[in-house]
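Q: So that we are looking at the same thing, I have put the structure below in structure tokens.
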Amino acid sequence: MVPSPLPSAEERLAALRDNQRAFLSSASHELRTPLTSIIGYLEMVLELSGTLDGADRGHLETALAASHRLADVIDTLVASHRIDSEGLLLHIGRVEVGALLDPLTPEFRQRCARGRLELVTDYRHGEVQAELDTEAVGWLLRELVVNAVKFTPPGGRITLRSAVEGDELGLSVADTGPGIPAGDRAHVFERFYRSPDALDRAVAGTGLGLSIGKAIVDAHGGRLTVDSEPNGGTRVTASLPIHHRR
Amino acid sequence: MSRVLAVDDDEDVLRLVSYRLAAAGHRLLTATDAAEALQIIAERGLPDVAVLDVSMPDMTGLELAEQIRDLPGGADTSVIFLSARVQPEDIAAGQELGGRYLTKPFVATALVAAVERATAPKEVAAQGW
């Protein structure tokens, strides 16, 4: 009997990648499924129970916020691992900007409400269609809103704005938080970077979200920029070409 | 108000989906697997909207959506996938079947909005008669 040839290094690497992808997909699924019940039932109890006193309500809100943070961490780790192993592959399609933003708005409104923040939408994209990856850009916007909510004290405001300037679509998320110190601004897109302020205030995070967001914008041929002043809030803007340059 | 069939092998999630959509005024039928869903459709007729989990034993939500589409009049049933599978290829597979794809954990208002959006054009068309 002729022994079958040993797999090549490339074949072994491909098999390893397939195994990693399968594990990640399975782990993400198995974590998200119980989280769906945890988050869903906590929300139900908080909405429906008229008998909770202030302390009990606060405990449940803490548990709910922690559950959402866990879901966000899973999202970020899955996205990061995928980009590391496969690179960022975009699925570009022509889409009305409204069809991108409208389905996301209820989720963003809820995220802001949980942080006791007001969400203001200032959509000025009109009927424009853009060539972009809706899932990836949706992920980016979610990451920007999650960050804005984390850093903005209760009572503040998050503004989600869209605008068309020339052949670019601008999507920005602005907050009324404490702003980013000048020395930190140059580092916010670095992988695993956590600002000293975030560490001091124990703001949860992996330091991966903005670096992935920048990779998404770069892959579209756009720019991701930060404007921030101490105590003057922060605005992060993704400027994306309306016509994808292949 | 729409007739919604929700299918999920996780009964806790199924109760959540039912509660949210019933509270929004929709009529709900539920099934915990594809076979039960097809049985309900055979007995009660096609729903306006099918909210389908993707990862289920025996038959996936994607396969169930195809079976519903192949039924006489099945193309008129709008499909919303509600899944903890979030890889781009999973989402693309759902969208290629013409369904909206929502991920778990889900936002209740987004689910309600998706059901309402799925049926809105039909209601407009019906008013034209």
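The values are calculated or read from the model by the stated rules, or taken from the named source; none is laboratory data. What you see is a predicted model; the values in this text were computed from it and never measured. For neighbour counting, all protein chains shown are included, and Cβ atoms are generated from backbone atoms with ideal geometry for every residue, glycine included. For accessibility, only protein heavy atoms count, side chains too; no ligands or nucleic acids. Shrake-Rupley method; radii C 1.70, N 1.55, O 1.52, S 1.80 Å.
Q: With unit charges on the beta carbons (Lys and Arg positive, Asp and Glu negative) and the dipole taken about the Cα centre of segment B:40-129, which residue among B:LEU97, B:ILE40, B:VAL51 sits farthest to the positive side?
A: Final value for the positive-end residue is B:VAL51.
Q: Taking the Cα centroid of segment B:67-109 and of segment A:30-96, what is the distance between the two, rounded to the nearest whole Å?
A: Spelled out, the Cα-based centre of one part sits 20 Å from the other.
Q: I would also like to ask the following. Around A:ALA71, under 10 Å between beta carbons, what's the net of Lys plus Arg minus Asp minus Glu among the other residues? Let's see the in-between values first.
A: Details: positive: A:ARG32, A:ARG69, B:LYS104; negative: A:ASP72, A:ASP75.
Net of charged neighbours comes to +1.
Q: Let me ask you something else. About its Cα centre, how strong a charge dipole does segment B:13-107 have in debye, to the nearest 20, once Lys and Arg get +1 and Asp and Glu get -1 at the Cβ? Each step should come with its number before you reach the end.
A: Values: 8 positive and 13 negative charges, 107 e Å.
Charge dipole, segment B:13-107, about its Cα centre: 520 debye, nearest 20.
Q: With both bridge residues required to lie in segment A:96-246, what share of the DSSP beta bridges run antiparallel, to the nearest 5%? Could the numbers behind the result be given before it?
A: On the way: 22 of 29 bridges.
Antiparallel bridges make up about 75 percent of those DSSP assigns within segment A:96-246.
Q: With a 10 Å cut-off between alpha carbons and a GNM built on chain A, which of A:SER25, A:SER195, A:SER49 moves the most?
A: The residue that fluctuates most here is A:SER49.
Q: Take the eigenvalues of the Cα gyration tensor for segment A:60-99, scale each by 5, and report the square roots as semi-axes in whole Å, largest first.
A: Values: eigenvalues 161, 72, 3 Å².
Semi-axes, largest first: 28, 19, 4 Å.
Q: Continuing with the same structure: Among A:PRO5, A:LEU210, A:VAL95, pick out the residue whose Cα is farthest towards the positive end of the charge dipole of chain A, where Lys and Arg carry +1 and Asp and Glu carry -1 on C-beta, about the Cα centre.
A: A:PRO5
Q: Hey, another quick one. Add +1 for every Lys or Arg and -1 for every Asp or Glu among the other residues with Cβ under 14 Å from the Cβ of B:SER18, and state the total. Walk me through the intermediate numbers first.
A: Values: positive: B:ARG3, B:ARG15, B:ARG20, B:ARG27; negative: B:ASP8, B:ASP10, B:GLU11, B:ASP12, B:ASP53.
Result for the neighbourhood of B:SER18: -1.
Q: How do B:9-18, B:51-60 rank on mean C-beta neighbours within 10 Å, highest first? Display every interim value, and only then the final one.
A: Working: B:9-18: 18.8, B:51-60: 20.3.
Per-residue Cβ counts within 10 Å, averaged per peptide and sorted highest first, yield B:51-60, B:9-18.
Q: With n ≥ 4 as the cut-off for DSSP H runs, can you work out [θ] at 222 nm for chain A, using -39500 (n - 2.57) per run divided by the number of residues, rounded to the nearest 500?
A: Values: 7 runs with 129 residues, N = 246.
The helix contribution divided over chain A gives -18000 deg cm²/dmol.
Q: Mind checking the dipole of the protein assembly as shown: about its Cα centre, +1 per Lys or Arg Cβ, -1 per Asp or Glu Cβ, Debye to the nearest 20? Don't skip to the end; give the middle numbers.
A: Details: 37 positive and 54 negative charges, 174 e Å.
My answer is approximately 840 debye.
Q: To one decimal place, what Kirkwood hydrodynamic radius in Å is obtained for the protein assembly as shown from all pairs of distinct Cα atoms?
A: Details: mean 1/r = 0.0446 Å⁻¹.
Hydrodynamic radius (Kirkwood, Cα only) of the protein assembly as shown equals 22.4 Å.
Q: Pop out the carbon and sulfur fraction of the accessible area of chain B as a percent, whole number, probe 1.4 Å.
A: On the way: 3040 of 5900 Å².
That fraction is 52 percent.
Q: How big is the dipole moment of segment A:41-87 about its Cα centre under a simple scheme where the beta carbon of each Lys and Arg is +1, that of each Asp and Glu is -1, and everything else is neutral? Debye, nearest 20, please. Please list the in-between numbers first.
A: Values: 3 positive and 9 negative charges, 12 e Å.
Value, rounded to 20: 60 debye.
Q: Please compute the Kirkwood hydrodynamic radius over segment A:1-59, one decimal place, Å, based on all pairs of different Cα atoms. The partial results should precede the final answer.
A: Details: mean 1/r = 0.0631 Å⁻¹.
Averaging 1/r across every pair of different Cα atoms and inverting gives 15.9 Å.
Q: Then there's this: Return the percentage of antiparallel bridges among DSSP beta bridges fully within the protein assembly as shown, rounded to the nearest 5 %. It would help to have the intermediate numbers written out before the result.
A: Numbers: 25 of 49 bridges.
Antiparallel: roughly 50 percent of the beta bridges in the protein assembly as shown.
Q: Can you give me the accessible area per residue for chain B, using a 1.4 Å probe, in Å²?
A: Values: 5900 Å² over 129 residues.
Result: 46 Å² per residue.
Q: Under 1.5 on a/c is rounded, so check that first for segment B:1-106, then, if it is not, pick prolate when a/b is larger than b/c and oblate when it is not; a ≥ b ≥ c are the square roots of the alpha carbon gyration tensor eigenvalues.
A: On the way: a/c = 1.41, a/b = 1.10, b/c = 1.28.
Note, shape of segment B:1-106 comes out rounded.
Q: Next up: Between rounded, prolate and oblate, where does segment A:1-159 land on the alpha carbon gyration tensor, with a ≥ b ≥ c its root eigenvalues, rounded for a/c under 1.5, else prolate if a/b exceeds b/c?
A: Values: a/c = 3.12, a/b = 1.53, b/c = 2.04.
Oblate shape, in that a/c is at least 1.5 and b/c is the bigger or equal ratio.
Q: For the pairing of chain B with chain A, what total accessible surface becomes buried, with a 1.4 angstrom probe, in square angstrom to the nearest 100?
A: Numbers: alone 7030 and 13930 Å², together 18720 Å².
Result for this pair: about 2200 Å² buried.
Q: So which residue, out of B:THR109, B:THR32, B:THR119, gets the largest mean-square fluctuation from a GNM of chain B using Cα contacts under 10 Å as springs?
A: Per the Cα network of chain B with a 10 Å cutoff, B:THR109 tops the list.
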